[in-house]
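A.B. asks: Sharing a structure, written as structure tokens. Questions coming.
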Amino acid sequence: MLIFTIFVLLLAAVIIFLNIFIVQQQTEYIVERLGKFARTAGPGLHVKVPFIERVVAKVDLRTRQTAMQIDGKTKDNVTITMTVAAQFHVSYDRGDGAVVQSGVYRSHYMLANPEDQMRAYIADALRSAIPNYSLDAVFDNKDSIAADVNTTVAARMVDYGYDLVSTLITSIGLPADVEASMNKINSAQREKEAAQSLADADRIKVVVEAQAQAQAMEESGRGIAAQRKAIAEGIASSLDVIRESGVSTKEANSLFLFTQWVEMMDEFAKRGANTVVLPNDFNQASSMFEQMLAAAEAEKPRE
């Protein structure tokens, strides 16, 4: 009798031990009683009724990600392949106290394969949206397209106990011939911009050089004018000094001409590369200017 009692107690302890279960954080268990939903068990220590209750599902509440590739045709008839990443998790909604309306309940009992259903919804939404955009517009608006798809699909998946956190278009693949054509267009555009920049640079260089040359000529003209003014003032000063010494105006002019003639001959002698024919008498040199004027007048065409 004692042995039987010990056996019964040991058997009861084993049965109780086997029906104790621990639920981990961010996890929720679904418990059925005789094949019918009974309750959900959150994180912590729990006990189920032996032979009557059983754990039928362990629902992970963490956010998960699934990736998919979806083909679509743009408004300008280009077939593209989009890589889409969707982040989702079981809804944290508790159903206002009604367990059968909670996200955990719906995620297990409403759909046999929720990920496949979500993929189908996303593919349908994208293939409906892409034909409204040209190829360039798809690249420019991929984030807004993904946001619109996320809003549409999230409204459907919430009925099945899932919250769609975000939908991202991570890459857009193009046919090889289309990609090669786009690269050529981009290359041609860059070459055009480079040629325009070089042309602008050359134009600016020419303008700057012309401005610099004009300024140089202006400064040179001012220098020549100042030089001539200084020469004239020097000549006038020299004549005044000569007159003050008692020399007549005619003698002063002759002396001045003689001085200029000597300096000119000295300059030609220093250069030594030119031959200059001049009168050997200085008195005849004074008539050279009048002779040059007479020659110039003779060369003018007569009317």
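The values are calculated or read from the model by the stated rules, or taken from the named source; none is laboratory data. What you see is a predicted model, and the numbers here were worked out from it, not measured in a lab. Reconstructed Cβ throughout: ideal geometry from the backbone, glycine too, with neighbour counts over all protein chains shown. Heavy atoms of the whole protein, side chains included, go into the accessibility calculation; ligands, DNA and RNA do not. Shrake-Rupley method; radii C 1.70, N 1.55, O 1.52, S 1.80 Å.
A.B. asks: Restricting to segment 53-101, give me the number of residues that are within 30 Å of A38 (Cβ to Cβ) and either in contact with a His (Cβ under 7 Å, 6 or more places away or on another chain) or in a strand (DSSP E or B) (or both).
C.D. replies: 15
A.B. asks: Also: Scan segment 136-146 for residues that are of a type in the set (A, V, I, L, M) and surrounded by fewer than 19 Cβ atoms within 10 Å (Cβ to Cβ) and jot them down.
C.D. replies: Scanning segment 136-146 gives a single hit, A137.
A.B. asks: Just to be sure, is R54 charged (D, E, K, R), surrounded by fewer than 14 Cβ atoms within 10 Å (Cβ to Cβ) and closer than 25 Å to P114 by Cβ?
C.D. replies: No: the conditions fail for R54.
A.B. asks: (1) surrounded by 14 or more Cβ atoms within 10 Å (Cβ to Cβ); (2) out of contact with any Asp or Glu (no Cβ under 8 Å at 6 or more places or on another chain); (3) within 18 Å of T151 (Cα to Cα): which one isn't true of A129, the others all being true?
C.D. replies: (2)
A.B. asks: Same structure, new question: Being assigned to a helix (DSSP H, G or I) and open to solvent by 60 Å² or more (accessible area, probe 1.4 Å) is the filter here; which residues of segment 6-50 pass it?
C.D. replies: I6, F7, V8, L9, L10, L11, V14, I16, F17, L18, listed by residue number.
A.B. asks: Is one or more of the residues making up segment 104-119 open to solvent by less than 70 Å² (accessible area, probe 1.4 Å), closer than 16 Å to M82 by Cβ, among the hydroxyl-bearing types (S, T, Y) and assigned to a helix (DSSP H, G or I)?
C.D. replies: No: segment 104-119 contains no residue that is open to solvent by less than 70 Å² (accessible area, probe 1.4 Å), closer than 16 Å to M82 by Cβ, among the hydroxyl-bearing types (S, T, Y) and assigned to a helix (DSSP H, G or I).
A.B. asks: Taking segment 147-191 as the region of interest, how many residues are in a helix (DSSP H, G or I), open to solvent by 60 Å² or more (accessible area, probe 1.4 Å) and at pLDDT 80 or above?
C.D. replies: 6
A.B. asks: Take the residues in segment 130-146 that are without any contact (Cβ under 8 Å) to a residue 24 or more places away in the chain and in a helix (DSSP H, G or I), then tell me which one is nearest to the chain's Cα centre (by Cα).
C.D. replies: Only one residue fits best here, namely D140.
A.B. asks: Using the structure shown, decide if S238 is free of Cβ contacts under 8 Å to residues at least 40 places away in the same chain, polar (S, T, N, Q) and either loosely packed, with under 10 Cβ neighbours inside 10 Å or under 20 Å from T259 (Cβ atoms) (or both).
C.D. replies: yes
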